[in-house]
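The values are calculated or read from the model by the stated rules, or taken from the named source; none is laboratory data. Nothing here was measured: the structure is a model prediction, and the numbers come from that model. Here the Cβ positions follow ideal geometry from the backbone for every residue, glycine too, while neighbour counts run over all protein chains shown. Ligands, DNA and RNA are excluded from the accessible area calculation, which covers all protein heavy atoms including side chains. Shrake-Rupley method; radii C 1.70, N 1.55, O 1.52, S 1.80 Å.
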Amino acid sequence: MTDALGKPPKKNPVARTRLPTLPPASRSRTALGLTRAAAEGRFEMQVCADCGAVQYPPREVCGACLGGWLEWREIPNGGTLIATTTLRHSNDPYFRERLPWRIGTVKMDAGPAVVAHVHEDCGDTARVRLALKLDRSGQAVLHALPPEDTPNMNDAASLRECHCHPKHRRVLVTDGRAAVGRALAKALLDAGATTVFVGDATPWKADAAFDAFVASDPRLQAVELDVTDTDSVTRLAASIGGKVEILINTAEHRRDGGVIGARDVGTARDALEVNVLGSMRLAQAFGPAMCFRAADGTHGAVAWVNLLSIHALAALPSAGAWSASKAAALSVAQTLRAEFRGAGIRVLNVFPGPIDDEWEQLAPPPKLAPAALAQAIVRALQQGIEDLYVGDVAEELRARLRDNHKAVERELGG
Amino acid sequence: MRSRQSYDGVVAAVPVTVPYERYSTHAAHWWLGHALAALIRGAGLAKADIDGVCVSSFTLGPDTAVGLMQHLGMSPRWLDHIPMGGASGVVALRRSARAVQAGDAELVACIAGDTNHVDSFRHTVSQFSRFAQDAVYPYGAGGPNASFALLTDYYMREFGATREDFGKLCVAQRDNALRNPHALMKKPMTLAQYLAARPIADPIHLFDCVMPCAGAEGFLVMTEERARDLKLPSVRIRSTIERHNAFPDDPIQFRGGWAMDRDAFYAHADLTPADVDFIETYDDYPVINMLQFEDLGFCAKGEAPAFVRQQDFTIDGSFPFNTSGGQLSVGQAGAAGGYLGLVQALRQLTGTAGAMQVAEARIGLVSGFGMINYDRGLCSGAALLERGDA
């Protein structure tokens, strides 16, 4: 049985901070199909289109019939543990620091025999459930879990290393005034966060509801943060930068308005200032300290969350300037993913459809309730997912884009 | 299936070992070059007389056998580079014997060797195989220990082997090694010491793991007639087998390729396991010795624990086994580990094993196993050798 994870001990300020190491990151190109599945929390392997054989490890042609067409498909994740070992020594720097570590051989119901990380709650030769998760290198690895969730299951070290769980961690929500930010703060506290810093860009603007919200829980701390103001961002980072384990950027400028019909580029510039440059300012100010603390004890810095939009992938012409800024924000997020990878910090990109708040007043339903979006984000952090599509509109647009991006262009533009 | 040709008229001779060192600042070419020089000296030949070469090495990169030929100033008319790890010795013997029989080469030098720098192991492991990269190394061991721990765990569970059984083999090998001046392990080992050793990956402990080192091994292959002319004691080949990726549908490895070809192996030699006077197995981990005892016909599948408890594996015992001490006591000089057993068998069968000599050794069995890719050893091979007349 896994022991519940306790609060981390108070850090000795004189002690050296352990620097991040990463598990082996090399994979063949074809094996990155597993990473694609793990990034969204799916369990997929290659299946031969000719003979149906499930392939593992990933292959270029079918290992059974030499069939040339292998398709990535969701497959059953049940199996039986047939051998297990606990590593007490390793030549690998990352695992050396995290011994003892349990792995095993699982015979999958779907066919292949696989090597997997094995949860401490799995019996030595028991039935298991397999999952694909991203490890600290950002690459997919297999985990054997007990067939049903066990108490404190996610507190096991092997899962903590793959997940970005807010439990016992401190989180910065960059705009805590907006509905989504507020819902997120609440969901994070429910998930066990010890502190949630809620950013406020307009502290001079009275808001009784917001004040009441911050006062409602001692773990909430309002902080001044205007992402369009480099000075504001730098000042906050100097104050709390060493205490942020998860940063969720909810700051957003959302207005309707296309390109040709707009009077000038002023609104577009405001959108870029908040949605793109704001993200960059935050990364420049908070990123280095987060990287430095990525392996700091058992509750180090672990995730950066970008609240994007499905329209980062397909512009909504009626909000064309905003769509452009979200597309640019996605590009920044991709660069951040590369820049954070060396420290093992997960960059979670969130692609919702329209959110049910004041700025989307005219959008027809279905719209996402802020609480639903917040819960989806917290769940994604708990599972270590890095690409999250939330809500019916986002899921549908994604499927339509995969099918025919040109049709999406015509249909959104109509 | 057509019947296979015999190896009549072809022999192996001149077993050489370049003494092992734990670490070496030299490149692999130094070790291989020394092995080649020792072969030429040992046979009383000139370098240009060698017209065929077979090479195995993990640390020769970026060179292959081709670069090595230029480096050593050789111009062979037959060249092979064998990347089969612990099966390389048997496979080299198979390839070169047929080349000599067919007249494609007259004097083939078979050499295997590796250097060992402080970071050699790490580099070799990181380049080892695609499946290991994609599906094993991300799981933490940084080498083959975890894969063999899993095999050992399965074998113990399934067939009732105990750590004491593995320990008996290791203690016997250490006993044999004490008679080997070149073995890197020089201290006796008791079963209690074996059992108390530091755990590496349950159930594997420190003395289940070989020590990587630098070294080289070699032998020559030629016609029996040529060996007589050169006045070289030689060894005949009764039969050989090799097999790769055997039993791919076994969910975990509990048998090796030898099991597929065992009957043909003995039939071709017109011998049975009872005729074997000593055995040199590939001992990267003790459990693999048990697989070889079973798959090469000395006991039934799953019966090796009982077999081990009954036999005495020392040089003077009932079942002389790994008479040099095996890799576990001599050290594993990379690919040379795939030659260790074969070269030792040649010593035994030419009466040149010194303090390690098995009395009246006439028939020896050499077994090779190699290339743990992903979760199992892919290459296997075996040879039945017979003392020559000379």
(message) For chain A, set up a GNM with springs between Cα atoms under 10 Å and report which of A:PRO354, A:PRO364, A:PRO24 has the largest fluctuation.
(response) A:PRO364
(request) For A:ASP270, B:ASP375, give the ranking by accessible area with the largest first, probe 1.4 Å. (result) A:ASP270, B:ASP375
(message) Please compute the modelled spin-label separation between A:ASP50 and B:GLU360, points set 7 Å along Cα→Cβ, answer in nm with one decimal.
(response) 5.7
(message) Given the options A:LEU220, A:GLN361, B:SER234, identify the residue whose Cα lies farthest towards the positive end of the charge dipole of the protein assembly as shown (+1 on Cβ of Lys, Arg; -1 on Cβ of Asp, Glu).
(response) A:LEU220
(request) List the residues of the stretch B:189-207 whose accessible area drops by at least 10 Å² when all protein chains are present, compared with their chain alone, using a 1.4 Å probe and counting only protein heavy atoms. (result) B:ARG198, B:PRO199, B:ILE200, B:ALA201, B:ASP202
(message) Counting only other residues whose beta carbon sits under 15 Å from that of A:ALA215, what net charge do I get with K and R as +1, D and E as -1?
(response) 0
(message) I'd like the accessible area for A:CYS48, computed on protein heavy atoms only with a 1.4 Å probe and all protein chains in place. Round to 10 Å², please.
(response) 0
(message) In Å², and per residue, what accessible area does the protein assembly as shown have when probed at 1.4 Å with the other protein chains present?
(response) 40
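Charges at C-beta only: +1 for Lys and Arg, -1 for Asp and Glu. How large is the resulting dipole of the stretch A:25-144 about its Cα centre, in Debye rounded to 20? The partial results should precede the final answer.
On the way: 15 positive and 13 negative charges, 54 e Å.
That gives the stretch A:25-144 a dipole magnitude of about 260 debye.
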(request) Pull up the cross-link candidates among the aspartates and glutamates for A:LYS10, meaning alpha carbon to alpha carbon under 17 Å and not fewer than 8 places away within one chain. (result) A:GLU245, A:ASP296
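Of A:LYS367/A:LYS406; A:LYS167/A:LYS367; A:LYS243/A:LYS326; A:LYS7/A:LYS167; A:LYS186/A:LYS326, which ones are farther than 18 Å apart at the Cα? Can you show the working numbers first?
Numbers: A:LYS367/A:LYS406 24 Å; A:LYS167/A:LYS367 29 Å; A:LYS243/A:LYS326 28 Å; A:LYS7/A:LYS167 9 Å; A:LYS186/A:LYS326 25 Å.
Flagged as over cut-off: A:LYS367/A:LYS406; A:LYS167/A:LYS367; A:LYS243/A:LYS326; A:LYS186/A:LYS326.
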(request) Compute the Cα gyration tensor for the stretch B:242-343, then decide on rounded, prolate or oblate, letting a ≥ b ≥ c be the square roots of its eigenvalues: rounded whenever a/c is under 1.5, prolate when a/b is larger than b/c in the other cases, and oblate in all that remain. (result) rounded
(request) Indicate the residues belonging to the stretch B:139-153 that lose 50 Å² or more of solvent-accessible heavy-atom surface (probe 1.4 Å) upon moving from the chain alone to the assembly of all protein chains, ignoring ligands and nucleic acids. (result) B:TYR139, B:GLY140, B:LEU150
(message) Using each residue's phi in the stretch A:273-287, evaluate 6.51 cos²θ - 1.76 cosθ + 1.60 at θ = phi - 60° and report the 3J(HN,Hα) Karplus result to the nearest Hz, with x for Gly and Pro.
(response) 4, 7, 7, 10, 5, x, 4, 5, 4, 4, 5, 5, 7, 9, x
(message) Among B:ALA12, A:ALA38, A:HIS168, whose Cα projects farthest towards the positive end of the dipole of the protein assembly as shown, with charges put on the beta-carbon of Lys, Arg (+1) and Asp, Glu (-1)?
(response) A:HIS168
(message) Need one value: the accessible area of B:TYR285 in square angstrom, 1.4 angstrom probe, rounded to the nearest 10.
(response) 10
(request) For the stretch B:1-67, state which chymotrypsin sites (Phe, Trp or Tyr not before Pro) are in a DSSP loop and have at most 14 other beta carbons lying within 10 Å of their beta carbon. (result) B:TYR23
(request) Output the antiparallel fraction of DSSP beta bridges having both residues in chain B, as a percent to the nearest 5. (result) 75
(message) How many Å² of accessible surface get buried when A and B come together, counting both sides, probe radius 1.4 Å, rounded to the nearest 100?
(response) 2800
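Can you give the FRET efficiency for B:ARG4 and B:ARG41, using 1/(1 + (r/R0)^6), R0 = 41 Å, r = Cβ-Cβ distance, to the nearest 0.05?
Working: r = 35 Å, r/R0 = 0.84.
That pair, B:ARG4 with B:ARG41, gives E of 0.75.
Pick out the long, greasy-scoring helices in chain B: whole DSSP H runs spanning 18 Å or more along their own axis by Cα, mean Kyte-Doolittle at least 0.0. Walk me through the intermediate numbers first.
Details: long enough: B:28-43 (23 Å, 0.71); B:88-102 (21 Å, 0.31); B:145-159 (20 Å, -0.03); B:163-177 (21 Å, -0.93); B:337-349 (19 Å, 0.55).
Sorted by number, the helices that extend far enough and score high enough are B:28-43, B:88-102, B:337-349.
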(message) Tell me the net charge near B:ALA216. Cut-off is 13 Å between Cβ atoms, B:ALA216 excluded, with +1 for each Lys or Arg and -1 for each Asp or Glu.
(response) -3
(request) Quick one: grab the alpha carbon gyration tensor of the stretch B:299-389, order the square roots of its eigenvalues as a ≥ b ≥ c, and give me rounded if a/c is under 1.5, else prolate or oblate depending on whether a/b is larger than b/c. (result) oblate
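How would you order B:330-343, B:60-73 from highest to lowest mean count of nearby Cβ atoms within 10 Å?
Details: B:330-343: 29.6, B:60-73: 14.9.
Top to bottom by mean Cβ count within 10 Å: B:330-343, B:60-73.
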(request) Note down the magnitude of the dipole of chain A about its Cα centre, charges +1 on Lys and Arg C-beta and -1 on Asp and Glu C-beta and zero elsewhere, to the nearest 20 debye. (result) 1200
(message) Just to confirm the number: angle between the C-alpha axis of helix A:230-240 and the first principal axis of chain A, 0 to 90 degrees, nearest 10?
(response) 50
(request) Assign one of three labels to the protein assembly as shown, namely rounded, prolate or oblate, based on the Cα gyration tensor with a ≥ b ≥ c the square roots of its eigenvalues; rounded applies when a/c is under 1.5, prolate when it is not and a/b is larger than b/c, and oblate otherwise. (result) prolate
(message) I'd like the FRET efficiency for B:ASP250 and B:GLN127, computed as 1/(1 + (r/R0)^6) with the beta carbon distance as r and R0 of 22 Å, rounded to 0.05.
(response) 0.25
(message) Nothing charged except the Cβ atoms of Lys and Arg (+1) and of Asp and Glu (-1): what's the magnitude of the dipole of the protein assembly as shown about its Cα centre? Round to the nearest 20 debye.
(response) 1260
(message) Between 0 and 90 degrees, rounded to the nearest ten: what's the tilt of helix A:392-403 against the longest Cα principal axis of chain A?
(response) 70
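Leaving ligands, DNA and RNA out of it, rank B:ARG198, B:ARG95 by accessible area with a 1.4 Å probe, largest first. Walk me through the intermediate numbers first.
Values: B:ARG198 125, B:ARG95 75 Å².
Heavy-atom accessible area, descending, gives B:ARG198, B:ARG95.
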(message) Can you give me the % of accessible surface on the protein assembly as shown that is carbon or sulfur? Probe 1.4 Å, all protein chains present, nothing else counted.
(response) 52
(message) Rounded to whole Å, give me the distance from the Cα center of the stretch B:248-280 to that of the stretch A:232-272.
(response) 71
(message) Need one value: the accessible area of B:HIS81 in square angstrom, 1.4 angstrom probe, rounded to the nearest 10.
(response) 60
(message) Let me confirm the definition first: pairs of Lys residues in chain B, 8 or more apart or on different chains, C-alpha distance under 24 Å. How many are there?
(response) 4
(request) Show that you can apply the helix-only estimate: for chain A, add -39,500 (n - 2.57) for every DSSP H stretch of four or more residues, divide by all residues, and state [θ] at 222 nm to the nearest 500. (result) -9000 deg cm²/dmol
